[in-house]
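Please read the structure below before turning to the comments.
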Amino acid sequence: MNKKTNLSWMLYDFGNSAFATTIMAAVLPVFYYDVAAVGLDESLAESYWGYSQSIAVLIVAILAPILGAISDFSAAKKKFLRFFAYMGIIASVLLAFVGEGDYLFASLLLIIGNIGFSGANVFYDAFLPEIAKNEDEMDKLSSGGFAYGYIGGGVLLAINILMITNYSWFGIPDVTTASQLSFASVGVWWFIFSIPLFKNIQEEKKTMVKRDKPYVAIGFSRVVNTFKEIKQFKYLLIFLIAFWLYNDGISTIIRMATIYGRGIGIDSNSLIIALLVTQFVGIPFTFFFGWLATKITAKRALYITLYIYLGVVILGYFMATALHFYLLAICVGMVQGGAQSLSRSIYGRMVPVNKKAEFFGFYGISSKFAAVFGPFLFGIVGQLTGSSRLGIISLLVFFIAGIILLRFVNIEKGVQQAKEYAK
């Protein structure tokens, strides 16, 4: 095990996770509502945020299979990683220049930042099997990256919360300026903790694979072919569709909760602090649901997380005070990591051993396409009805449909199908 290389790889997660916490989840949604979209109707501000999220996710989903093909066929992963990381870093810094009424500029930078963040992650993840010596080390290193990400994203968010809520301590004139500086801090933080990876990780030298088609054609033909193969596995396919549905609801809550809370009148400090609570509540409860799955089965544990999410949506509809939002944040923190890790575990059990890389690649790419619809539905319902509360309650559709489909998944038979295929 090369400790220096492994640490350098994990530190990148420590750095780039600040984009997910400060910009995507906590500070930018409030800033977008209060500053960038000032003068717009309240429901329009939330709808435009939802549309921006959908556009960002759609572009990322379209790019993902192309970038995956580039990663596999080229010997330039570090170059592409650096390019997309710098794209996200620059977008983060430029957000510091967004002022009152600049919602189009803010949306554009959000989309560019998302592309940079997600595009870089494709190549970052591709380094994992190169630097890990075996499967045990790969699991350990992957978990370590997630842990470093939780810590890094949480630490900078805590610093930014302190700066925004007590801006005078830092000689900052107002909350708006403090928020703008927090966006710039994400870019600086991300850049600093990227340096060890760019300096210490050497890409494996490999013979360039000859290709007879462009990367776009290779990428999407892979997706189509994988889907055709997955259709042979009845229970795996049903589970995948269920996952697309409820995971779309989950990702929409993550992306829309803060701006929704601001829209119904909850103060910005409470919203941002609540997101920090979610970040740290998630760590122990992810482990808890992993333990619970061993006691009551993974499927039953997953049901519990989804039923809690139903409660979160209903609570969100009736939410009126900061206390309600804190309760919602704690509930989301309790189940967010558990739902995602249990889903990955259940899917992995029903995947044939000789198809894991291919099927997990499809799992990631297809879930990105599915995640387009939730923010769009939230936005369109809010815009058409003038009520963001109806936008949040519309997410019940994703969870209820997902839960119903999950009932038709026989995991034991799915595992058996996978074993028979692999023989």
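The values are calculated or read from the model by the stated rules, or taken from the named source; none is laboratory data. Since we're looking at a predicted model, the values are computed, not measured. Every residue, glycine as well, gets a Cβ built from its backbone with ideal geometry; the counts of neighbours run over all protein chains shown. Accessible surface areas use protein heavy atoms only, side chains included; no ligands, DNA or RNA. Shrake-Rupley method; radii C 1.70, N 1.55, O 1.52, S 1.80 Å.
The rows are residues; the columns are (1) in contact (Cβ under 8 Å) with a residue 24 or more places away in the chain; (2) open to solvent by less than 50 Å² (accessible area, probe 1.4 Å).
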site: 153; (1), (2): yes, yes
site: 170; (1), (2): no, no
site: 191; (1), (2): yes, no
site: 197; (1), (2): yes, yes
site: 223; (1), (2): yes, yes
site: 239; (1), (2): yes, yes
site: 251; (1), (2): yes, yes
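Considering each of 318, 369, 376 in turn, give the residue that is farther than 29 Å from residue 221 by Cα, of a type in the set (Phe, Trp, Tyr), out of contact with any His (no Cβ under 6 Å at 6 or more places or on another chain) and surrounded by fewer than 21 Cβ atoms within 10 Å (Cβ to Cβ).
On the way: 369 fails: farther than 29 Å from residue 221 by Cα; 376 fails: farther than 29 Å from residue 221 by Cα.
Going through 318, 369, 376 in turn, the sole match is 318.
Please identify the pairs in which a residue from region 395-412 that is assigned to a loop (DSSP other than H, G, I, E, B) has its Cβ atom under 9 Å from the Cβ atom of a residue that is buried (at least 16 other Cβ atoms within 10 Å of the Cβ) and polar (S, T, N, Q), counting only partners at least 6 apart or on another chain.
395/252
Do you know which residues across region 310-348 are under 23 Å from residue 30 (Cβ atoms) and more than 22 Å from the chain's Cα centre (by Cα)?
Once the filter is applied, which keeps residues that are under 23 Å from residue 30 (Cβ atoms) and more than 22 Å from the chain's Cα centre (by Cα), region 310-348 yields 315, 317, 318, 319, 320, 321, 322, 323, 324.
Is region 62-80 home to any residue that is among the aromatic types (Phe, Trp, Tyr) and at pLDDT 90 or above? I'd like the intermediate steps shown before the answer.
Let us first name the residues in region 62-80 that are among the aromatic types (Phe, Trp, Tyr), namely 73, 80.
Those left that are additionally at pLDDT 90 or above: none.
There is no residue in region 62-80 that is among the aromatic types (Phe, Trp, Tyr) and at pLDDT 90 or above.
Among the residues of region 149-181, how many are in a helix (DSSP H, G or I), over 24 Å from residue 10 (Cβ atoms) and not aliphatic (A, V, I, L, M)?
Going through region 149-181 one residue at a time, the tally reaches 9.
Could you check region 1-90 for helices (runs of 4 or more DSSP H) lying wholly inside it with 2 or more residues that are open to solvent by 50 Å² or more (accessible area, probe 1.4 Å) and within 14 Å of residue 116 (Cα to Cα)? Spell out the reasoning first.
Values: elements: 3-18, 27-31, 42-73.
It comes to 42-73.
Tell me, yes or no, whether region 205-224 has at least one residue that is more than 24 Å from residue 15 (Cα to Cα), assigned to a helix (DSSP H, G or I), at pLDDT below 95 and hydroxyl-bearing (Ser, Thr, Tyr). Please lay out each step first, then the result.
Within region 205-224, the first condition is being more than 24 Å from residue 15 (Cα to Cα), and the residues that meet it are 205-224.
Applying the additional criterion that residues be assigned to a helix (DSSP H, G or I) yields 215-224.
If we keep only those that are at pLDDT below 95 too, we end up with 215-224.
Pick out the ones that are also hydroxyl-bearing (Ser, Thr, Tyr) and you get 215, 221.
Yes: one or more hits.
Condition first: touching a Ser or Thr at 6+ places or on another chain (Cβ under 8 Å), among the small types (Gly, Ala, Ser) and within 17 Å of residue 18 (Cα to Cα). Can you find one or more residues in region 115-130 that meet it? I'd like the intermediate steps shown before the answer.
If we filter region 115-130 for residues that are touching a Ser or Thr at 6+ places or on another chain (Cβ under 8 Å), which is where we start, we get 122-123, 126, 128.
Retained after the next criterion (residues that are among the small types (Gly, Ala, Ser)): 126.
Those left that are additionally within 17 Å of residue 18 (Cα to Cα): none.
Scanning region 115-130, I find no residue that is touching a Ser or Thr at 6+ places or on another chain (Cβ under 8 Å), among the small types (Gly, Ala, Ser) and within 17 Å of residue 18 (Cα to Cα), so the answer is no.
Check residue 99 against each of (1) closer than 30 Å to residue 174 by Cα; (2) assigned to a helix (DSSP H, G or I) and name the one condition it does not meet.
(2)
Quickly run through region 325-361 and pick out the residues that are without any contact (Cβ under 8 Å) to a residue 40 or more places away in the chain and within 15 Å of residue 302 (Cα to Cα). Spell out how you get there, then give the answer.
To start, the set of residues in region 325-361 that are without any contact (Cβ under 8 Å) to a residue 40 or more places away in the chain comprises 327, 331, 344, 348, 356-357, 360.
Once the filter is applied, which keeps residues that are without any contact (Cβ under 8 Å) to a residue 40 or more places away in the chain and within 15 Å of residue 302 (Cα to Cα), region 325-361 yields 331, 344, 348.
Which number in (1) more than 22 Å from the chain's Cα centre (by Cα); (2) open to solvent by less than 30 Å² (accessible area, probe 1.4 Å); (3) not basic (Lys, Arg) marks the one condition that residue 403 misses?
All conditions pass for residue 403, except number (1).
Can you name the condition, by its number, that residue 98 falls short on among (1) within 21 Å of residue 159 (Cβ to Cβ); (2) within 19 Å of the chain's Cα centre (by Cα)?
Of the numbered conditions (1) within 21 Å of residue 159 (Cβ to Cβ); (2) within 19 Å of the chain's Cα centre (by Cα), the odd one out for residue 98 is (2).
How many residues are surrounded by fewer than 24 Cβ atoms within 10 Å (Cβ to Cβ) and assigned to a helix (DSSP H, G or I) when one looks only at region 259-271? Lay out the reasoning, then the answer.
Residues of region 259-271 that are surrounded by fewer than 24 Cβ atoms within 10 Å (Cβ to Cβ), as a first pass: 263-270.
In the following step, the residues that additionally are assigned to a helix (DSSP H, G or I) were identified as 263, 268-270.
So the count comes out to 4.
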